[in-house]
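What follows is a single structure, written as structure tokens, with notes after it.
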There are 2 protein chains.
Amino acid sequence: MPAPRQVFVAVIGPGGVGKCFLNQLSTVTSRLSQSPTAPIYLSLILLARSNKTLHSPTYKSLSLSNWEADLAASNDGAMTASQIADYLAAAPQKVVLVDNTSNQDIADNYPLFLKRGINIVTPNKKAFSSDYSLWQAIYGAAGNGTGAGGFVFHESSVGAGLPVLSTLKELVETGDDVQRIEGVFSGTMSFLFNSFMPVGGGGGSFSAEVKKAKELGYTEPDPRDDLNGLDVARKLTILARLAGLPVENPTSFPVQSLIPKELESCASGDEFLARLPEFDGQMEQLKKEAEAEGKIVRFVGSIDVAKKEVKVGLEKLDLSHPIAGLKGSDNIISFYTKRYGTNPLVIQGAGAGGDVTAMGVTGDMIKVLRALQH
Amino acid sequence: MPAPRQVFVAVIGPGGVGKCFLNQLSTVTSRLSQSPTAPIYLSLILLARSNKTLHSPTYKSLSLSNWEADLAASNDGAMTASQIADYLAAAPQKVVLVDNTSNQDIADNYPLFLKRGINIVTPNKKAFSSDYSLWQAIYGAAGNGTGAGGFVFHESSVGAGLPVLSTLKELVETGDDVQRIEGVFSGTMSFLFNSFMPVGGGGGSFSAEVKKAKELGYTEPDPRDDLNGLDVARKLTILARLAGLPVENPTSFPVQSLIPKELESCASGDEFLARLPEFDGQMEQLKKEAEAEGKIVRFVGSIDVAKKEVKVGLEKLDLSHPIAGLKGSDNIISFYTKRYGTNPLVIQGAGAGGDVTAMGVTGDMIKVLRALQH
């Protein structure tokens, strides 16, 4: 078959990750078009944000160098997911839809896109960590090379650009017995506890470290969105499902929130931060206990596949534990499997940030392109 | 296009890794054939070792459960690479050739196989770390999804099943700037130095640790084949080439051999081991120096991409260095890149052994199958 040498790309969400992705797309587009033996021409045919859209009804390429100004100048309002699906499904070439949002509504429409042959790459956690029925609908609609539907890849939904999901998939697909997955899955939590209780002693009060993390841009605008543990619970949900556990949703297993009950109802993140010092005693107590045992405290997620147990929360760890070596806001993920024996397969590095998250998305796009070209 | 639902598999080298691969192939074959929506039927059509071959001129499936006895009973002698190529190129279905040998002659024939549309997956380091001209011939002949030639994947040629090459390729392909690669790339060297100079003190004489490593099966039959550093140099050659450096061959950069000059000409590995204690003083001296500086000694490979420097040899490292946390015979590989900043992307775990090496090969095979099915 003559390989499809042109592929269309559609991008929803040109914000933080989206902007980095569009930069990488520009580099990749230029490199692929210059292949001496088999050039591939990527064309950006749609750019959408919540209130504006840029697209050409005749599928002409949008500019990768001037998209910001072009989008700002566009008079086209938002398109619904079903309008976008109609537009992409009617395209004369294969399409990769890149969803750089964390929008549940778009995620809910993935099965629709996939059934119509549209390929999806995305860091959107909500698509894969909400109700199990959505997971089943997405993976039921996806062809992923063996059926009629489009490909779906979402490496960056866990650990950003770190090769976490691809590694887990390969362990499972090659028949290894994945026994346990354990790690620090949040850049915010990593930074927070590496500062609050560094190996070797020191560290400020918990509330002071939360404040510092927020000032340095390591937290969400309202730090409670990190401290409630839900972000980590969503990542664990995705990993557990890929390991074969039909986890119902990210609140169907024990998730420890670091928000004191009394502060859950604070009207704002600022009010929360102002009152958090009242509760420093609890965390200080835990730190002292760990210190007395020669341990450190970290916010850990773990999956025991055989026991079908998933949990997220504070744990006291030996100084020789792989997690104790973590630095800055890095993530670490350990896979304990039958083949790897006592020493796990470990992946470590930055698990958040625009560029590394976009890298996972771009890498997924290249995987789809490779499969489409054959 | 109607997807090719049957794919042929040919295996050269049914030894240590080969046996593990054939086990995994059996699992994968059974799983893929049971897919409710899009089954794939894998057929083993050739099994070859250096002096015997098992194959059917009419491409009938060989038995995955009884291959050992069938091969032993076969009266067919060895086939040449070019005979194998003729047989596979004439097959009525796509073929994945799995080369589980470390044979240079077979490696030299990869361009021939690839040009004829045969896909190759292999842990054979020699194919990718010998003269640069062979590397160019292989990658020139490979289509890898964008040309007419077959796919070639060789994840297990570095770090066994650890996702080292796929990660490096993704960093490069998505446009990151890979600045430095550093690590411990040999299970033997890892075990040897983790025992000779453990963090926290202790360890026996160097010659005693070499002897112990041999007894535990961590070295080649002649330990000099590990101690000469060539195995690590081959892996560094592969990584450097993937990072864009046209390294001529694995001896075209500094490689430190741990074989004392005087023992290079020993007639046997046993004679070498018997005389090695005479040279313990040199290693003891190095250990003392490192101790005095609060450091440890490890056998490290590193690539400075900007400076185009590759080197392999002993290094003194701080106790806070990622390599210091290594255990047993694990490998560790750190990628320092522009996107990842000061903290590298780190991959760690068993980098040798039949099952984990075969896992990388099986994983590569699945990648080829995914691409072929579309």
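Read-outs: derived from the displayed coordinates by stated rules, not from any lab. These numbers were taken from a predicted model, which means no experiment stands behind them. As a convention, Cβ positions derive from the backbone with ideal geometry for all residues, glycine included, and neighbour counts pool all protein chains shown.
For A:K211, the aspartates and glutamates whose Cα falls under 15 Å of its own Cα, not counting residues fewer than eight places away in the same chain, are A:E220, A:D222, A:D225, A:D226, A:D270, A:E271, A:E278, A:D280. Based on C-alpha pairs under 8 angstrom that are at least 6 apart in sequence, segment B:166-233 has a relative contact order of 26 percent. As a calculated quantity, the FRET efficiency between A:E262 and A:Q104 at R0 = 25 Å, using C-beta atoms, amounts to about 0.30. In nm to one decimal, list the spacings between the A:D131 label point and its equivalents in the other copies, with label points set 7 Å along Cα to Cβ, shortest first. The answer, with the shortest distance listed first, is 6.5 nm.
Tell me, what are the semi-axes, in whole angstrom and largest first, of the equivalent ellipsoid of chain B as set by the roots of 5 times the Cα gyration tensor eigenvalues? Please report the intermediate quantities before stating the final value.
Numbers: eigenvalues 297, 116, 67 Å².
Output for chain B: semi-axes of 39, 24, 18 Å.
Placing +1 on the Cβ of every Lys and Arg and -1 on the Cβ of every Asp and Glu, with nothing else charged, gives the protein assembly as shown a dipole about its Cα centre of roughly 1720 debye. DSSP bridge analysis restricted to segment A:1-115 gives an antiparallel fraction near 25%, rounded to the nearest 5. Within straight-line reach of B:K169, meaning a Cα separation under 18 Å, sit the following aspartates and glutamates at least 8 residues removed in sequence or on another chain: A:E155, A:E170, A:D355, A:D364, B:E155, B:D177, B:E182, B:D304, B:D364.
Please report the net charge: other residues with Cβ closer than 14 Å to the Cβ of B:L239, K and R +1, D and E -1.
Once all neighbours under 14 Å are counted, the net charge is +2.
In terms of overall dimensions, the C-alpha atoms belonging to segment A:248-374 reach 61, 41, 32 Å along their principal axes, ordered largest to smallest.
Across chain B, the relative contact order, built from alpha-carbon pairs under 8 Å that are at least six residues apart, equals 20 percent.
Under a point-charge model restricted to the Cβ atoms of Lys and Arg (+1) and Asp and Glu (-1), what is the dipole moment magnitude of segment A:166-350 relative to its Cα centre, in debye to the nearest 20? Walk me through the numbers before you get to the answer.
Working: 22 positive and 28 negative charges, 98 e Å.
Dipole about the Cα centre, nearest 20: 480 debye.
Each of B:P36, B:G301, B:F8 was placed along the dipole of chain B (beta-carbon charges, centred on the mean Cα), and the one lying farthest toward the positive end is B:P36.
With no solvent and one point on each alpha carbon, what is the Debye value of log10 I(q)/I(0) for segment A:166-350 at q = 0.09, 0.13, 0.17, 0.19 Å⁻¹? Result of the Debye calculation: -0.33, -0.68, -1.11, -1.32. Measuring nothing but how far apart in sequence close Cα pairs (under 8 Å, 6+ apart) lie, relative to its length, segment A:166-350 scores a relative contact order of 35 percent. Pairs from the table (B:K126/B:K261; A:K125/A:K338; B:K308/B:K338; A:K261/A:K287; B:K94/B:K367) lying more than 22 angstrom apart at Cα are B:K126/B:K261; A:K125/A:K338. Residue by residue, segment A:367-372 carries 3J(HN,Hα) couplings of 4, 5, 4, 4, 5, 5 Hz when phi is fed to the Karplus relation 6.51 cos²θ - 1.76 cosθ + 1.60 (θ = phi - 60°); x denotes Gly or Pro. Charged side chains reduced to their Cβ positions (Lys and Arg at +1, Asp and Glu at -1) give chain A a dipole of some 1160 debye around its Cα centre.
Take the Cβ atoms of B:S63 and A:Q136, set R0 to 51 Å, and the FRET efficiency comes out at 0.90. Sorted shortest first, the separations between the B:S257 label point and its copies elsewhere in the assembly read 6.6 nm; each point sits 7 Å from Cα along the Cα-to-Cβ line. Taking the three principal axes of the alpha carbon atoms in segment A:177-251, the coordinate ranges are 40, 30, 16 Å, sorted in descending order.
Comparing B:F279, B:F335, B:F21 in a Gaussian network model of chain B (Cα springs below 10 Å), the most mobile by mean-square fluctuation is B:F279. Label-point spacing for B:S82 across the identical copies (point 7 Å from Cα in the Cβ direction), in nm and ascending order: 6.5.
For the protein assembly as shown, the spherically averaged projection of the C-alpha convex hull amounts to 33.4 nm². Phi angles across segment B:162-167 convert, under the Karplus curve 6.51 cos²θ - 1.76 cosθ + 1.60 with θ = phi - 60°, into 3J(HN,Hα) values of 5, x, 8, 5, 4, 5 Hz, Gly and Pro given as x.
In order along segment B:41-53, the Karplus-derived 3J(HN,Hα) couplings, from 6.51 cos²θ - 1.76 cosθ + 1.60 at θ = phi - 60°, round to 9, 8, 10, 7, 10, 8, 10, 10, 10, 4, 10, 8, 9 Hz, and Gly and Pro are given as x.
Within straight-line reach of A:K52, meaning a Cα separation under 13 Å, sit the following aspartates and glutamates at least 8 residues removed in sequence or on another chain: A:E68, A:D70, A:D76.
Give me the percent of DSSP beta bridges within chain A that run antiparallel, rounded to the nearest 5. Intermediate values should be presented prior to the final figure.
Details: 30 of 48 bridges.
So the antiparallel bridges amount to about 60 percent of the total.
Please check: in the Gaussian network model of chain B (C-alpha springs, under 10 Å), which one of B:H154, B:H321, B:H55 has the largest mean-square fluctuation. Of B:H154, B:H321, B:H55, the Gaussian network model singles out B:H321 as fluctuating most. Of all DSSP beta bridges confined to the protein assembly as shown, the antiparallel ones make up roughly 65%. From its DSSP helices (H runs of at least four residues, each -39,500 (n - 2.57)), the protein assembly as shown gives a residue-normalised ellipticity at 222 nm of -11500 deg cm²/dmol.
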